[in-house]
Amino acid sequence: MDFDRDVDDNVDHIHGEDEEMEEQYDNTDEVENILKEIFGSSDDEHDEEDDGGDDGGSDDDDEEEKGNEMWQNISSDKDQEEMNILSDRRFVVGERELLDLLKRSTCTECGDPIIQSSIVEAEKIAAGVKYKYTCTNGHVGKWISTPFYGGRSAVAILLQLMVLLSGASWDQINMGAKFINLAIGSARQFYRMQLQYRVAVQKVFTKHMEDIGDKLKEIPLSLAVDVRYDTPGFCANKSTAVFMDVNSKHIIHLEIGDSREVGRHSPKMERLLIERGLNYILNVSPYVVWEIISDASRNIISMMRTDPFKHLQHSLDIWHKAKKLAFLLGEIAKKAANKDLLPWIRPIINHFWYCCSASKGNVEKLLKKWFGILHHVTNQHIWPGGRCHHTENNLESLSSNRKWLHRNSSAFQELRKAITNRDWCGSMAFYVNCRQTWAIENFFSHTLLHYVPKRVSYSYDSYTIRNMLAVMDHNNHLHRLPQVTESGLPYVYSHFSRKTKQWVAYEKKSIKEYSYIPGLIITCMKEIYGRSCAGYTRTRQSKDLDNISANLSGSANPGSRVLLAEMKSRKK
């Protein structure tokens, strides 16, 4: 039995079981340090000290080269007009330099010089400027800083798509533009145009998910599922359910929910979205599913025991179970009579992981290995019906800083109660496949949080668009190779984690290529070509939610001026 193998380093919440209060000795800090060393803490995950990395060149130069390659390698006769606009490089130029260049220009009709005093700014253009002038022969001409596409400023269109497709916020970009007196267009026009872009993004996303389905159909899939809320706590308005294949790490389905669907009781959204998503996957999609992996939610466990899901194998995330075990043992070890159990917490957690990974789907085999820890901690390594699998050579190193427990000691008795607990052993069937949901947690923490930050509130349609963009970003950048240095070695960087108090080294992955972005931009441009915003409205789902409740209160707004007057009267 492998007692000293390191466990995974993810973080989530766990609820330990309540124990009766007994006399404790002062080793609380020691227990907490052990738990933090194994699982980390609930502090900010970016709370770490970077130590740089190997020579790998300038990241800024690499990113600029990648950005240029995105357009240099794209060629299409079918979309020539769009490609001519997209392939042009763009620069930020000052007004004074533009005027200086225009004054030295010549008339486009006769070639004579332009009268410098005749140059005036004409009507306003979104994210651009238009000048009128007169030459010495009296010809009136004009110069516009942006090409036009479908009757709209092409630069304004590309700025809007830049903000939307990169997951940025128009308000932040607009505020920064004001700081440097940069013209980028109006917020009102951006949000109106977003209704048109939504249709194009939906088309591309649907085609993307169909391509994923063609790759994975007829392959038995194990799906990990998890739900992410748009705000912390129990006051969420919107939520996202993600269904991911645990082998390929592709996200195969996405469900978006709103708390108005469940009477503003946001915890109910988890079951609603997972049930709705599974019904689609089983009855509509081309996928063949045999296993579902989730966290230990009672709602999900009860749902998976009913039709039409009870034929599926249901596994739970082993990391959460291991953390629950660690906290339970930590509470036991805090008591003075059980202090000898403290050094055994980490080996017991490692043994639990080993039992789950070695059971190969057999719950009896898992329990048999699991109970073996009760023999090992008492220095009994061969017993009727079983034995430890460590060698005699490393037995001394395994117990060098740990005391063997006596069978009649309080520490062993409490450990035996925990190991043989009926509820604990009864739940082992959920862990025989040793499954985890860490890949979805990584998607939530890195990719989705970039496109849909929790501190920003979005409308239903905007929230849906940004979730779609996050899924396409994730699926298109799976299995990136590490960057390499000039010598051909992987680019490695290290940092010191304040959670585990250890130095950790990572291979730096190659920069994302975003090869799907040119096609997505072209689809968006074609969707708006020559079409008015008046023909585009919110989605049917968004309107249906307004019919349920137009606002958080569920009642009509009495009016801003009435509320302001009441507020002022209270302040008197």
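The values are calculated or read from the model by the stated rules, or taken from the named source; none is laboratory data. Note that the structure is a prediction, hence the values are computed from the model and not measured. All Cβ positions, even for glycine, are placed from backbone atoms using ideal geometry, and neighbour counts span all protein chains on display. Just the protein is used for accessible areas: all its heavy atoms, side chains included, with ligands, DNA and RNA removed. Shrake-Rupley method; radii C 1.70, N 1.55, O 1.52, S 1.80 Å.
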Item to check | Charge dipole (the chain, unit charges on Cβ, about Cα centre) - positive-most of M567, N247, W353 | outcome: M567
Item to check | Viscosity 1.002 mPa s, temperature 20 °C, Stokes-Einstein D of the range 202-260 from Kirkwood C-alpha radius, µm²/s | outcome: 166
Checklist entry - Can you count the Lys pairs in the range 74-163 with C-alpha separation below 25 Å, eight or more apart or on different chains? => result 8
Checklist entry - Accessible area of T537, 1.4 Å probe, to the nearest 10 Å²? => result 70
Item to check | Exposure rank, largest accessible area first [R298, R276, R407, R228; 1.4 Å] | outcome: R298, R407, R276, R228
Item to check | Compactness of the range 166-224 - radius of gyration and Dmax, Cα, Å | outcome: 18.7, 56
Checklist outcome for this item: On each of the three principal axes the extent of the alpha-carbon atoms of the range 415-499, given in whole Å and largest first, is 53, 49, 28
Next on the checklist: Tell me the angle of helix 170-179 to the major Cα principal axis of the chain, expressed in degrees between 0 and 90 and rounded to the nearest ten.
Outcome noted: 60
Next on the checklist: Among L316, P113, H139, which residue has its Cα furthest toward the positive end of the charge dipole of the chain, with +1 on Lys/Arg Cβ and -1 on Asp/Glu Cβ?
Outcome noted: H139
Next on the checklist: Given the whole protein assembly as supplied and a 1.4 Å probe, what does the accessible area of R416 come to in Å², nearest 10?
Outcome noted: 100
Checklist outcome for this item: Counting only protein heavy atoms and leaving out ligands, DNA and RNA, the solvent-accessible surface of I180 at a 1.4 Å probe, in Å² to the nearest 10, equals 120
Checklist entry - For L164, what is the net charge nearby, where nearby means another residue's Cβ is under 10 Å from its Cβ and Lys, Arg count +1, Asp, Glu -1? => result +2
Item to check | Relative intensity, log₁₀ I(q)/I(0), of the chain from a Debye sum that treats every alpha carbon as a point, q = 0.09, 0.12, 0.13 Å⁻¹ | outcome: -0.90, -1.31, -1.43
Item to check | Coil-residue GluC sites (Glu not before Pro) of the range 92-162, DSSP, other Cβ within 10 Å capped at 12 | outcome: E109, E123
Checklist outcome for this item: Measuring from its Cα centre, the range 173-231 shows a charge dipole (+1 at each Lys and Arg Cβ, -1 at each Asp and Glu Cβ) which, in debye to the nearest 20, is 440
Checklist outcome for this item: For T539 and Q116, extending 7 Å from Cα along the Cα-Cβ vector and measuring point to point gives, in nm, a value of 5.7
Checklist entry - Any idea what the relative contact order of the chain is, in percent, if you count C-alpha pairs under 8 Å spaced at least 6 apart? => result 22
Checklist entry - Which value results when the Cα radius of gyration for the range 148-295 is divided by 2.2 N^0.38 Å? => result 1.32
Checklist entry - With charges only on Cβ, +1 for K and R and -1 for D and E, what is the dipole size of the range 276-397 about its Cα centre, in debye, rounded to 20? => result 260
Checklist outcome for this item: Amide H proximity to K238 below 5 Å, modelled H, separation 5+ or other chain, gives D230, T231, S259
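Over all directions, how big on average is the projection of the convex hull of the alpha-carbon atoms in the range 108-169, in square nanometres? Please report the intermediate quantities before stating the final value.
On the way: hull surface 22.1 nm².
Computing the convex hull of the Cα atoms and averaging its projections yields 5.5 nm².
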Checklist outcome for this item: Computed over all unlike Cα pairs, the Kirkwood hydrodynamic radius of the range 494-572 in Å stands at 20.0
Checklist outcome for this item: Full extension between Q502 and R192 adds, at 0.36 nm per residue less the Cα distance, a length in nm of 106.6 nm
Checklist entry - Roughly how many Å² is the accessible area per residue of the chain, as a whole number, for a 1.4 Å probe? => result 55
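Among the trypsin sites (Lys or Arg not before Pro) in the range 424-472, which ones are in a DSSP loop with at most 16 other Cβ atoms within 10 Å of the Cβ? Mind listing them?
K454, R455
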Checklist entry - When only DSSP loop residues count, what GluC sites (Glu not before Pro) in the range 425-508 have their Cβ near at most 10 other Cβ atoms within 10 Å? => result E486
Checklist entry - Label point 7 Å out from K207 along Cα-to-Cβ: which residues of the range 516-548 have amide N under 13 Å? => result 516-527
Next on the checklist: If R₀ is 25 angstrom, what is the calculated FRET efficiency for the pair D423 and K268, using the beta carbon separation as r and rounding to 0.05?
Outcome noted: 0.50
Next on the checklist: Using the crude model of +1 on Lys and Arg Cβ and -1 on Asp and Glu Cβ, and no other charge, please compute the dipole size for the range 432-500 relative to its Cα centre, in debye to 20.
Outcome noted: 320
Item to check | Radius of gyration, Dmax [the range 442-551; alpha carbons; angstrom] | outcome: 20.4, 63
Item to check | Alpha-carbon Rg/Rh ratio, for the range 84-205, with Rh computed the Kirkwood way | outcome: 1.05
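Quantify how much of the Cα-Cα distance distribution of the range 256-369 extends past 20 Å, in percent. Display every interim value, and only then the final one.
Details: 3793 of 6441 pairs.
Tail of P(r) above 20 Å: 59 percent of Cα pairs.
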Checklist entry - Can you list the residues, at least 5 places off or on another chain, whose amide H is less than 5 Å from the amide H of V492, using H built in the peptide plane? => result D54, K508
Next on the checklist: Contact order normalised by length for the range 484-572, with contacts defined as Cα pairs under 8 Å and 6 or more residues apart; what percent is it?
Outcome noted: 12
Checklist outcome for this item: Length gained, A168-N442, 0.36 nm per residue minus C-alpha separation, equals 96.7 nm
